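One structure is given here, and the rest of the page talks about it.
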Amino acid sequence: MYVTGLYYRALQNTALNSPEQQRIVKEQGEYLDRRDACGQDVHCIMRVEKARHKELIALTRSLEKNLPDEEIVHWTHGRVFPGRNGKAQSLGQRVMAGFDLYPLPHVTFADGSTLFWGFLQGDGSVQSLAITDAKGHLQLLGTADGLLLAGTGEGKLQQAHLNLFVRDAKMLERYLPAVRAWAAADVLGFNQQCPGKDSDRCASALRAPLPIKAYALDCNGHGQGQVQVQRCPLNLPALQNMLSPGLFWQ
């Protein structure tokens with residue numbers, strides 16, 4: 001990953017507008033000044049870029065956060081949900097299949113909550129997401145199918161699915177703005193500069209009919225000895241605010 005990508009990853013991994021994030025922004029500005037001072041000296045530019053790349057690699061490793069695997073297993077134990085073929089499958093297995101990636105891209109928000117996401121190696125259209133609170137405890141799970149690069153037209157979006165799973169319906173209200181912004185970034189392929197040159201695309205994605213549904217994991221939707229989560233739908237709350245798809249890079 002080049003300097004720009006590592007820089008955005010570092011911003012993702014720190015709380016918005018936190019002192020740590022502001023320090024990273026300041027250091028990036030200083031790096032750009034050093035690079036510009038090289039003028040047309042290619043060897044100087046390469047030396048400065050290599051040094052910054054090394055700094056950002058070390059920073060990225062120090063900022064890595066871990067997915068709460070044990071909590072995911074506990075949340076999804078004994079629960080099934082229809083797969084792409086309509087047949088019931090283990091929710092836990094489906095969720096973990098979408099995290100077949102290391103390190104997982106993630107974004108930390110101003111309140112300390114973190115949104116993790118990933119995909120199945122060999123099939124990027126099979127994705128999962130999870131949100132933890134500031135203490136690292138699981139608050140929301142999600143699975144996405146066919147959403148990546150679906151665009152903003154109704155055609156592909158009608159075939160896509162983004163299913164959210166919570167134990168506390170209040171967490172759906174709290175985190176839906178983040179999920180919707182992530183989904184908007186997903187349909188565009190992530191790495192959008194908004195605000196910036198991609199602002200119109202981001203706005204279009206946020207207005208698109210994103211295929212989001214939500215379900216309660218603490219209900220009694222039993223069937224054939226298992227909890228059939230599709231029997232426990234939740235209404236999506238009205239969005240109180242919007243986040244930018246430009247937060248999400250991978």
field: Check on K197, of a type in the set (D, E, K, R) and part of a loop (DSSP other than H, G, I, E, B)
entry: yes
- prompt: Does the stretch 81-108 hold any residues that are in a loop (DSSP other than H, G, I, E, B) and either under 29 Å from S244 (Cβ atoms) or free of Cβ contacts under 8 Å to residues at least 60 places away in the same chain (or both), and which are they?
  reply: G83, N85, G86, K87, G98, F99, D100, L101, Y102, P103, L104, P105
- prompt: Inside the stretch 40-50, can you point out the residues that are loosely packed, with under 12 Cβ neighbours inside 10 Å and either over 33 Å from the mean Cα position of the chain (by Cα) or small (G, A, S) (or both)?
  reply: Q40, D41, V42, H43
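Would you confirm, using the coordinates I've provided, whether S90 is within 21 Å of G118 (Cα to Cα) and either exposed (fewer than 11 other Cβ atoms within 10 Å of the Cβ) or touching a Cys at 6+ places or on another chain (Cβ under 7 Å) (or both)?
Spelling it out, it is not the case that S90 is within 21 Å of G118 (Cα to Cα) and either exposed (fewer than 11 other Cβ atoms within 10 Å of the Cβ) or touching a Cys at 6+ places or on another chain (Cβ under 7 Å) (or both).
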Residue in the stretch 136-145 that is surrounded by 24 or more Cβ atoms within 10 Å (Cβ to Cβ) and among the polar types (S, T, N, Q) present: no
- prompt: Assuming T132 fulfils every condition listed in (1) under 23 Å from T14 (Cα atoms); (2) crowded, with 16+ Cβ neighbours inside 10 Å; (3) outside the structural domain of A150 (by TED's automatic domain parsing) apart from one, which condition is it?
  reply: (3)
- request: Look through the stretch 21-39, keep the residues that are charged (D, E, K, R) and exposed (fewer than 14 other Cβ atoms within 10 Å of the Cβ), and return whichever of them is nearest to H137 (Cα to Cα).
  value: R23
message: Pairs please, first residue from the stretch 177-195 and within 12 Å of I212 (Cα to Cα), second anywhere and aromatic (F, W, Y), Cβ atoms under 6 Å, 6+ apart in sequence or on different chains.
response: W182/F248
task: Mind counting the residues in the stretch 114-151 that are touching a Lys or Arg at 6+ places or on another chain (Cβ under 8 Å), part of a loop (DSSP other than H, G, I, E, B) and touching a residue at least 40 places away in the same chain (Cβ under 8 Å)?
output: 1
Extreme residue, surrounded by the most Cβ atoms within 10 Å (Cβ to Cβ), among residues of the stretch 52-80 that are in a loop (DSSP other than H, G, I, E, B) and touching a strand residue (DSSP E or B) at 6+ places or on another chain (Cβ under 7 Å): L67
task: Report yes if some residue within the stretch 5-25 is polar (S, T, N, Q), in a helix (DSSP H, G or I) and without any contact (Cβ under 8 Å) to a residue 12 or more places away in the chain; otherwise report no.
output: yes
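The values are calculated or read from the model by the stated rules, or taken from the named source; none is laboratory data. Everything quoted here is computed from the prediction, not taken from an experiment. Every residue, glycine among them, receives a Cβ derived from its backbone with ideal geometry; neighbour counts consider all protein chains shown.
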